[in-house]
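Single-structure report; data block below.
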Amino acid sequence: TAGADNDLWFTANNGNRVGRISTEGAVTEFELPNSASHPRGITAGPDGNIWFAEYYGKRIGRINTETSS
């Protein structure tokens, strides 16, 4: 999904990570605290944050795009 920061955001289901691809092509991955979360589904919210579902974690996660550098 495209974020308010103009980067592309994705989930790595088997890696328990959420990732970002910058407009310059740099990839950054953020490991989730729950090692068995299996993130799926991702969207940019109207608040500028990135929201995703933890399939096995049974939670909703949020990444603040302003502080995730």
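The values are calculated or read from the model by the stated rules, or taken from the named source; none is laboratory data. Being a predicted model, the structure only gives us computed values, none of them experimental. With ideal geometry, Cβ positions are generated from the backbone for all residues, glycine too; neighbour counts draw on all protein chains shown. Areas reflect the complete protein model, heavy atoms only, side chains present, ligands, DNA and RNA absent. Shrake-Rupley method; radii C 1.70, N 1.55, O 1.52, S 1.80 Å.
Taken over region 23-48, the criterion of being at pLDDT 95 or above and among the polar types (S, T, N, Q) is satisfied by THR28, THR43. Within region 5-50, if we keep just the residues that are aliphatic (A, V, I, L, M) and closer than 12 Å to ILE63 by Cα, the residue that is surrounded by the fewest Cβ atoms within 10 Å (Cβ to Cβ) turns out to be ALA44. Looking only at residues in region 52-69 that are over 15 Å from ASP7 (Cβ atoms) and under 9 Å from the mean Cα position of the chain (by Cα), the one that is most open to solvent (accessible area, probe 1.4 Å) is ARG62.
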